[in-house]
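Before any comments, here is the structure.
The values are calculated or read from the model by the stated rules, or taken from the named source; none is laboratory data. What you are looking at is a predicted structure, and each value in this text was computed from that prediction instead of being measured. Here Cβ is always computed from backbone atoms with ideal geometry, including for glycine, and neighbour counts include all displayed protein chains.
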Number of protein chains: 2
Amino acid sequence: MKYEAVTIKDIARALGISTSTVSRALRDSYEISEETKSLVMETAEKLNYKPNPIALSLKERRTRSLGVIVCEVANPFFSQVINGIESIAYNRGYNVFITQSHESFEKEADALHFLSSRSVDGILVSLSTETHDMTQFKELSEKGLPIVFFDRVISDVNTHSVVLDNFRGAYDCTEHLIKQGFQRIAAIASSEYLSITNERMAGYYEALQTHHVKPVPGLVQHCFYSGMDFAEVEDAVNKLFAMKQRPDAIICLSDKLTTGCLRTLKRRGLKIPDDIGLAGFLNTDLSELMDPPLTVVKQPAYEMGKDAVELLLQLVESKRPVTTFEKRVLSPELIIKQSSLKAVGS
Amino acid sequence: MKYEAVTIKDIARALGISTSTVSRALRDSYEISEETKSLVMETAEKLNYKPNPIALSLKERRTRSLGVIVCEVANPFFSQVINGIESIAYNRGYNVFITQSHESFEKEADALHFLSSRSVDGILVSLSTETHDMTQFKELSEKGLPIVFFDRVISDVNTHSVVLDNFRGAYDCTEHLIKQGFQRIAAIASSEYLSITNERMAGYYEALQTHHVKPVPGLVQHCFYSGMDFAEVEDAVNKLFAMKQRPDAIICLSDKLTTGCLRTLKRRGLKIPDDIGLAGFLNTDLSELMDPPLTVVKQPAYEMGKDAVELLLQLVESKRPVTTFEKRVLSPELIIKQSSLKAVGS
DNA sequence: TTTATTTCCGCAAACGTTATCGGGAACGAA
DNA sequence: TTCGTTCCCGATAACGTTTGCGGAAATAAA
């Protein structure tokens, strides 16, 4: 089953003129007579001519399309980022290809290879949790392929990036828990390879120190796959509860960890926040519908997408090599609900 | 800033042979000596040659890519469908472009035009709520562009489709509410233009009739934009509560309606299910974390994506025009939780 | 030695489009 | 009449790749 498109040749043949004339007429060139132009326009309309972007891409060596690599579109944070990306990209005449790494280094590499070989004009990336070898990104970037990192970044590659003030997000949230009177605040975090993990952990530790709370090593658990696999989170919680002195609150430093942790605590029949306080990074507007409503650190995901794509287009459309790079830092928002309010109970 | 890729010419030049020889060597043609082949392979490796898919597409008149049009990737149902689509597509060597209509006919048309002019080999569509003019789809389909509809379909266009047994989903859910002893069961549904709306409404009415419950006109509310705008849902609930006789349960016939309705009821300070029962279509695994845990009709979204893309590839790869079309119907799953359990209370 | 066959490779066209160059026709001016 | 402009338009190359055809060289057969 073949889908045959109308080409410039069909128009030329129909009018008995050359393809170059048709091409120029369609682009409203000054060297074509008005008469011919309108004739061409008419038949183009009549035959329902649509320019072939493949041919254009080949000729112009650009595709007017951008690639995005995230771990999962099913993650509300990323789908919000994508909405931000698209809102700008479409206005500027770019199409967006979305690919998923599912936290796998291999799939990420596949996607990267696919996108670069498919000649996208630029790529937006939030790294997979498995990625700590950056040579592929580095090579492509140095060869002149515009790349911008967001959310999960790495300093190895010299380019623009957009991130959250992860330190502040975790600091504020931890401080809030401390001020609520929680004493033994556990943290569940993602892989230590991730930039966001370290920054958020630093915020957590700093808040403890500021308020003279001694950090307890066993109270920090890492989930390598950021809670993509539920069992991982369950495991982490189990370990926390196996301690002689249980935590009286948990802060989760990533979206899936937060929901996974809530699920585990509920399955254990625990009352939140009476039995244990809970707060964490989360970007779904469903958090206020939960039982209990969750205290969350929310990222400006939509803005992050917008900023990232703007920086990318800046690279893409720049005439000469860009050498100074920008790192934008966005502010998190702490939304306090019942899950962390010790005084109130539920 | 230009990203210059290595071409077949570079290899040819490096070896002092012709491009055709290189091309054939790379494709392991029998008319090239083993010696030359390995020489070519080596330098291709060394120069990090990647074939240019744009050029290939132009030549082969196919792009090995598929387009998807959904209203929102932020909707978990659709992101699950997309995961299903990708799982199959990538294995078969196809890339997937995802575009969003945001329930707008115009944006949907833009996306359709964009995808078709970008020469994707086929398109998967779940219609926007505004769409009731199908001429564009029809024209493209009749011109030979493979299109498969899923979820929100329409019978105008002669092609494959994959849908839920919407009737059954609504029927089972309504019946469950009746059996729980609810008497005045309101329904909040999407636009009447949508196939899913009518089928689900039919299931609702049929369940009422089977169990000798008289339908009350005022108990059915429609939200044109399927709850994309929260105010819409709030409005619908307000109307229900303005009635002389309030409903004692609500069934929501679409994902965003269900969460929106829960939000409204909670804001009104109502106890669910004591003050009012609630159930609805919903595809997030967060529903059990909610307050109360929601009774939901869940769609096999991942399977729907897989089925749809399989049917599409069947069209795409078929040598001769396909004339008989399949309509796959998938079964919903009713997951009963507290929100609809009258006997228990919370 | 001559002819036929095989082995290996290059030339050129094609996919749809644009851009560079060049040139014919019409016209005005000398 | 002749020359210089101006106005239109066509032929051609190019983007990177594949492929049909043709052909040189080497080998085998006569």
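I'd like to verify a number: residues in the stretch B:269-286 that are within 21 Å of B:Gly169 (Cα to Cα) and either of a type in the set (Gly, Ala, Ser) or at pLDDT 90 or above (or both), how many? Give the derivation first.
Start the filter on the stretch B:269-286 by keeping residues that are within 21 Å of B:Gly169 (Cα to Cα), which leaves B:273, B:276-286.
Retained after the next criterion (residues that are either of a type in the set (Gly, Ala, Ser) or at pLDDT 90 or above (or both)): B:273, B:276-284, B:286.
Count: 11.
Scanning the stretch A:306-329 for residues that are touching a residue at least 12 places away in the same chain (Cβ under 8 Å), within 13 Å of chain B (Cβ to nearest Cβ) and more than 15 Å from A:Ile123 (Cα to Cα) yields A:Pro321, A:Phe325. Just one of the listed residues (A:Thr159, A:Thr197) is under 29 Å from A:Val322 (Cα atoms) and under 17 Å from the mean Cα position of the chain (by Cα), and it is A:Thr159.
Against the test of being within 43 Å of the chain's Cα centre (by Cα), exposed (fewer than 14 other Cβ atoms within 10 Å of the Cβ) and either within 13 Å of chain B (Cβ to nearest Cβ) or within 12 Å of DNA strand D (Cβ to nearest atom) (or both), the options A:Glu45, A:Glu4 yield a single qualifying residue, A:Glu4. The set of residues in the stretch A:14-42 that are loosely packed, with under 15 Cβ neighbours inside 10 Å, more than 8 Å from DNA strand C (Cβ to nearest atom) and part of a helix (DSSP H, G or I) comprises A:Glu34, A:Glu35, A:Ser38, A:Glu42. Residues in the stretch A:318-346 that are at pLDDT 90 or above and part of a loop (DSSP other than H, G, I, E, B): A:Thr324, A:Phe325, A:Glu326, A:Ser331, A:Pro332, A:Ile336, A:Lys337, A:Leu341.
Evaluation of B:Ile11 against the conditions (1) within 23 Å of A:Thr99 (Cα to Cα); (2) part of a helix (DSSP H, G or I); (3) within 11 Å of DNA strand D (Cβ to nearest atom); (4) not basic (Lys, Arg) shows that the sole unmet condition is (1). Being polar (S, T, N, Q) and in a loop (DSSP other than H, G, I, E, B) is the filter; apply it to the stretch A:48-59 and report the residue that is nearest to DNA strand D (Cβ to nearest atom). Going through the qualifying residues, I end up with A:Asn52. The set of residues in the stretch B:19-42 that are farther than 15 Å from B:Val6 by Cβ, within 11 Å of DNA strand D (Cβ to nearest atom) and more than 43 Å from the chain's Cα centre (by Cα) comprises B:Ser20, B:Thr21, B:Glu31, B:Ile32. For the stretch A:60-85, filtering for residues that are under 25 Å from A:Val316 (Cα atoms), at pLDDT 90 or above and in a helix (DSSP H, G or I) leaves 8.
Would you confirm, using the coordinates I've provided, whether B:Ala236 is under 20 Å from B:Glu130 (Cα atoms), aliphatic (A, V, I, L, M) and part of a helix (DSSP H, G or I)? Quick ask: steps written out before the conclusion?
Values: under 20 Å from B:Glu130 (Cα atoms): yes; aliphatic (A, V, I, L, M): yes; part of a helix (DSSP H, G or I): yes.
It is true that B:Ala236 is under 20 Å from B:Glu130 (Cα atoms), aliphatic (A, V, I, L, M) and part of a helix (DSSP H, G or I).
Quick one: in the stretch A:85-112, which of the residues that are over 18 Å from A:Lys306 (Cβ atoms) and small (Gly, Ala, Ser) is nearest to the other protein chains (Cβ to nearest Cβ)? Selected residue: A:Ala111. Has the stretch A:247-259 got at least one residue that is in a helix (DSSP H, G or I), touching a helix residue (DSSP H, G or I) at 6+ places or on another chain (Cβ under 9 Å) and free of Cβ contacts under 8 Å to residues at least 60 places away in the same chain? Taking every residue of the stretch A:247-259 in turn, at least one turns out to be in a helix (DSSP H, G or I), touching a helix residue (DSSP H, G or I) at 6+ places or on another chain (Cβ under 9 Å) and free of Cβ contacts under 8 Å to residues at least 60 places away in the same chain. There is no residue in the stretch A:91-108 that is among the aliphatic types (A, V, I, L, M) and modelled with pLDDT of 90 or more. The condition (being at pLDDT below 95, farther than 23 Å from A:Val81 by Cα and among the aliphatic types (A, V, I, L, M)) is satisfied by just one residue among A:Leu140, A:Leu115: A:Leu140.
Contact map, the stretch B:14-31: first residue under 14 Å from B:Tyr49 (Cα atoms), second residue of a type in the set (Gly, Ala, Ser) and more than 7 Å from DNA strand D (Cβ to nearest atom), Cβ cut-off under 6 Å, separation 6 or more or different chains; pairs are B:Thr19/B:Ala12; B:Val22/B:Ala12. In this structure, B:Gly84 does satisfy being more than 16 Å from DNA strand C (Cβ to nearest atom) and small (Gly, Ala, Ser). For the stretch A:113-146, filtered to residues that are of a type in the set (Ser, Thr, Tyr) and facing another protein chain (nearest Cβ under 10 Å), the residue that is surrounded by the fewest Cβ atoms within 10 Å (Cβ to Cβ) is A:Ser117.
Filtering B:Glu199, B:Glu206, B:Glu192 for residues that are more than 19 Å from B:Lys256 (Cα to Cα) and not aliphatic (A, V, I, L, M) leaves a single hit, B:Glu206.
Only residues that are in a strand (DSSP E or B) and not β-branched (Val, Ile, Thr) were counted in the stretch A:86-118, giving 3.
Among the residues making up the stretch B:48-69, those that are within 9 Å of DNA strand C (Cβ to nearest atom) and either surrounded by 17 or more Cβ atoms within 10 Å (Cβ to Cβ) or in contact (Cβ under 8 Å) with a residue 60 or more places away in the chain (or both) are B:Ser57, B:Leu58. All conditions but one from (1) crowded, with 17+ Cβ neighbours inside 10 Å; (2) hydrophobic (A, V, I, L, M, F, W, C); (3) modelled with pLDDT under 95 apply to A:Cys252; the one that does not is (3). The residues of the stretch B:289-305 that are surrounded by fewer than 23 Cβ atoms within 10 Å (Cβ to Cβ), part of a helix (DSSP H, G or I) and within 14 Å of chain A (Cβ to nearest Cβ), listed by number, are B:Leu289, B:Tyr302. For the condition over 29 Å from B:Leu286 (Cβ atoms), at pLDDT below 90 and in a loop (DSSP other than H, G, I, E, B), B:His132 qualifies.
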